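The values are calculated or read from the model by the stated rules, or taken from the named source; none is laboratory data. Here the structure is a predicted model, which means the values were calculated and not measured. No Cβ is skipped: glycine too gets one built from the backbone with ideal geometry, and neighbour counts run over all protein chains shown. Calculation scope for accessible area: heavy atoms of the full protein, side chains included, ligands and nucleic acids excluded. Shrake-Rupley method; radii C 1.70, N 1.55, O 1.52, S 1.80 Å.
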Amino acid sequence: MSASRRLLSRRALLRGAGGVALGLPFLDAMSRSASATTFPKRFIVFFTGLGTVKDAWVPQGTELDFTLSEVLAPLAPFKEKLLVLEGIDMESAYHGPGDPHQQGIGHALTGTELQEGDLFPYACNPNAKVGWGGGISVDQFLASHLGASTKLGSLELGIQVQNANVSSRISYLGPGQPVPPEDDPRNTWNRLFSEIASDPDSAARRRAHRRRVLDQVMGDYHNLQGKLGAGDREKLEHHLEAVSEIERRLDAPGTIGGSCAIPTLGDPPEPFVNDNYPELGRLQIDQLVMALACDLTRVASLQWASTQAGKVFTWLGQNETHHQLSHSSPTDETRRQQIVDIGRWHAEQLAYLLDKLAAVPEGTGTLLDSTLILWCTDIAVGQTHARRDMPYVLAGGAGGALEMGRYLRYQGNSHNDLLVALCNAMDVDVTTFGNPAYCTGKLPGLGV
């Protein structure tokens, strides 16, 4: 093989004006086994606390022929876009300081121990205290790789999270560096869209800048073209066609352009009134989807309350907090059903998110096809605080990296391995994530 055809670095980038980078698709010249990424990939964390009722969550059937459970039934229209994962243990969360809720949420995306510290008392032992999470979370790790060319590296949204403690943070820039979610849809809107709304010319300037970047990318492509084989050239052409299509979407007629438009916020409800929870969630989802459609970010998280929140699901006819219900006796059928109803309601909100993503066209598919969503929680079962046999759901298309439409049973595999697999699915090559003592490599069987 000639020097011009030797293996290229996987870090190769096409750089344009202002240092904005558009990642090359994985080419044969980078890795002979890699495949092209047609559209930019997006990653979303969908977090709900306090676990589930396992027998009402587990699907019935086999890997390819299964029926969604009572809790997951609202996701049935998107069954072919799901991976339901059973039998994965959050083993790391049985080690280090903290009570089960603190360990569960602090390890959920970091896979490493909480810091020793004296900031937050254990819920089960007021005389003992703990610090913040001990490592970078997978969303922020991915943002460091995927967020170079977007307005925001990542977007953290909350629905009545409120408290500033270790039991209410899922996202970390690094050890002891929690990222607070934004609870108020007004602030979300201001951060994402106020510049465009107050200065319509700013959208035109941003499009012009992106056009200059794309023109530079095309020039770099022509310089690189002669160094690539036929297969690589085809992959790179598809990648640049996808980039051009995003540009056309943003240039199309409309407030910002085509499917990218400033969402109407109206008069949003007060962000911390219990019964406003459903409306606040929908407003945050609407803005999250538009942020992705406008390519303002490619990594986001949506956190529903904190792990020990006093949320009362009054709209479901309930009068006890979710946390209280999660500690009720497993033989209390009334309260058990209320926990099931809460899980099903959260599944309905995820279905709403998937539907919104599927409504944004992208090439011959939709925004959902290039997005990977992780639905996770802090504990498996509220009554026992177990962090083994955790309930995980992956949704979306993941750009074709995962084989969706399946129900997979594992035998105690570590959730650290799941975090590795998520990184790999987003084209970020790692072999370990979090504490390597609880990581054996990527979780097998997902298709990455």
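Summary table below
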| item | result |
| --- | --- |
| Calculated P(r) of segment 324-370 - Cα pairs past 14 Å, % | 62 percent |
| Three-way shape label, segment 33-128, alpha-carbon gyration tensor, a/c 1.5 | oblate |
| Cα gyration tensor category, rounded, prolate or oblate, for segment 282-341 with a/c compared to 1.5 | prolate |
| Magnitude of the charge dipole, segment 321-396, Cβ model with Lys/Arg +1 and Asp/Glu -1, debye to 20 | 220 debye |
| Fraction of the pair-distance distribution of segment 355-448 above 21 Å, Cα-Cα pairs, percent | 38 percent |
| Gyration tensor (alpha-carbon) shape descriptor, segment 49-202, a/c threshold 1.5 | oblate |
| Whole-Hz ³J(HN,Hα) from phi, Karplus 6.51 cos²θ - 1.76 cosθ + 1.60, for segment 387-392, glycine and proline x | 10, 10, 6, 6, x, 10 |
| Amide H within-cut-off set for Leu443, under 5 Å, with H built and near neighbours excluded | Leu418, Val420, Ala421 |
| Rounded to whole Å, sorted largest first: equivalent-ellipsoid semi-axes of segment 284-410, Cα gyration tensor | 31, 17, 12 |
| DSSP-assigned coil residues among chymotrypsin sites (Phe, Trp or Tyr not before Pro) in segment 269-329, each with at most 14 further Cβ atoms within 10 Å | Phe272 |
| Of the trypsin sites (Lys or Arg not before Pro) in segment 42-150, those whose Cβ has at most 15 other Cβ within 10 Å and which sit in DSSP loop | none |
| Solvent exposure of segment 289-333 as accessible area per residue, Å², 1.4 Å probe | 32 Å² |
| Rounded accessible area of Met404 (nearest 10 Å², 1.4 Å probe) | 30 Å² |
| Sequence-distant residues sharing a close amide H with Leu50 (under 5 Å, placed H) | Asp378, Ile379 |
| Accessible carbon and sulfur surface of segment 294-448 relative to its total accessible area, %, 1.4 Å | 48 percent |
| Whole-Hz couplings from phi, Karplus 6.51/-1.76/1.60, listed for segment 143-157; x for Gly and Pro | 4, 5, 9, 10, x, 5, 9, 10, 4, 10, x, 7, 10, 10, 10 |
| Where Glu182, Glu362, Glu80 fall by accessible area, highest first, once all protein chains stay in place (1.4 Å) | Glu80, Glu182, Glu362 |
